[in-house]
1. For the range 44-77, how many residues meet the condition of being more than 18 Å from the chain's Cα centre (by Cα) and on the phi > 0 side of the Ramachandran plot?
2. Quick test for you: out of 237, 229, pick the one residue that is surrounded by fewer than 16 Cβ atoms within 10 Å (Cβ to Cβ), outside any strand (DSSP E or B) and free of Cβ contacts under 8 Å to residues at least 40 places away in the same chain.
3. Quick one: how many residues across the range 139-156 are more than 18 Å from the chain's Cα centre (by Cα) and buried (at least 16 other Cβ atoms within 10 Å of the Cβ)?
4. Find the residue count for the range 157-166, including only residues that are under 18 Å from the mean Cα position of the chain (by Cα) and either more than 20 Å from residue 132 (Cα to Cα) or surrounded by fewer than 16 Cβ atoms within 10 Å (Cβ to Cβ) (or both).
5. Exactly one of these conditions fails for residue 64: (1) modelled with pLDDT under 90; (2) surrounded by fewer than 14 Cβ atoms within 10 Å (Cβ to Cβ). Give me its number.
6. Please go through the range 63-105 and give me each residue that is assigned to a helix (DSSP H, G or I), under 13 Å from residue 32 (Cβ atoms) and in contact with a strand residue (DSSP E or B) (Cβ under 7 Å, 6 or more places away or on another chain), ordered by number.
7. Restrict the check to the range 49-61 and report whether at least one residue is assigned by TED's automatic domain parsing to the domain that holds residue 102, modelled with pLDDT of 65 or more and in a loop (DSSP other than H, G, I, E, B).
C-alpha cells in the first residue's frame, strides 16, 4: 500500500513539473482620458501607440501586460503604493525628487513645443519672454522650462484635464499660447485645416520610459531587452508611424 501511495505522489509530482508556468503578469497604469495618438477610444476597444506597444512587448517577452486606466492623480498614487506594477509613457524629469520607481530603457522621446495663436508667434529663449501671458498646459504635467516662472507668478498656467481638452480650448482662443507634445500637435493639425497655430520654440525633450515599482525591479533586464529588440526590428517605428506619432 505504501509503495502504491508513493507511486501516486510521484506521478502527480511529474504532472506538476511538466505543467507550464503561468505567464508573468504586469499591471500597467495609463491615464483614463483622451490621449491621442497614444490612447484612442474607450473601454476594451482602446487602441493607439501604448496599447499596441503593450501587445508587441507581450509577444516579445511572453508576459501578460494588463492595462489599467485611472484619473491622473489616482494613477500616480496607485503607482507609488505598488498597486500598479508600472507606469508607461513617463520621463524621470516629470516627477519630483523622491518619487519611487526604476526606469526602463527609453522607447521614445517626448518633445514639448510652444504653440501660439495664429499670427502671434514670437521667439522665446527664456521663460521671461512669456511674462504676463497665460500658458495652456495639462493638469499633472511638469514643464521644467517654466516651473520657476509659474511658481513666481510671472507666467500664469492655465490647465486642462487632458491634452485633447487643451487643444480644444486653444482652438476656442481660451489662452494665447500652449505647451503641446510634438506628436499630439502633428495629429491635431492633420485632423482639420482649421487647426492652426504658430509653432514656437522647443522647450523640453525627454526620454519616454516605463517606470517600475521597486518591488518589480527584477523585471527590468528583460523589459529593456524587449524594448531594444522592438527598436532594432522596426516594430517601434511601425507602431508610431501607424498613428502618425513618429
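The values are calculated or read from the model by the stated rules, or taken from the named source; none is laboratory data. For clarity, every value in this text was computed on a predicted model and none was experimentally measured. For neighbour counting, all protein chains shown are included, and Cβ atoms are generated from backbone atoms with ideal geometry for every residue, glycine included.
1. 1
2. Only one candidate qualifies: 237.
3. First, pick out the residues of the range 139-156 that are more than 18 Å from the chain's Cα centre (by Cα): 145-156.
Among the residues that remain, those that are also buried (at least 16 other Cβ atoms within 10 Å of the Cβ) are: 145-146, 149-150, 155.
Result for the range 139-156: 5.
4. 5
5. Of the numbered conditions (1) modelled with pLDDT under 90; (2) surrounded by fewer than 14 Cβ atoms within 10 Å (Cβ to Cβ), the odd one out for residue 64 is (1).
6. Of all residues in the range 63-105, those assigned to a helix (DSSP H, G or I) come to 72-81, 92-94.
Checking which are under 13 Å from residue 32 (Cβ atoms) leaves us with 72-76, 78.
Across the range 63-105, the qualifying residues are 72, 75, 78.
7. Within the range 49-61 (the criterion being assigned by TED's automatic domain parsing to the domain that holds residue 102, modelled with pLDDT of 65 or more and in a loop (DSSP other than H, G, I, E, B)), the answer is no, since none of the residues qualifies.
Quick grid of which residues meet (1) crowded, with 18+ Cβ neighbours inside 10 Å; (2) closer than 29 Å to residue 231 by Cα; (3) assigned by TED's automatic domain parsing to the domain that holds residue 79:
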{"position": "117", "(1), (2), (3)": "no, no, no"}
{"position": "137", "(1), (2), (3)": "yes, no, no"}
{"position": "179", "(1), (2), (3)": "yes, yes, no"}
{"position": "184", "(1), (2), (3)": "yes, yes, no"}
{"position": "198", "(1), (2), (3)": "no, no, no"}
{"position": "211", "(1), (2), (3)": "yes, yes, yes"}
{"position": "214", "(1), (2), (3)": "no, yes, yes"}
{"position": "218", "(1), (2), (3)": "no, yes, yes"}
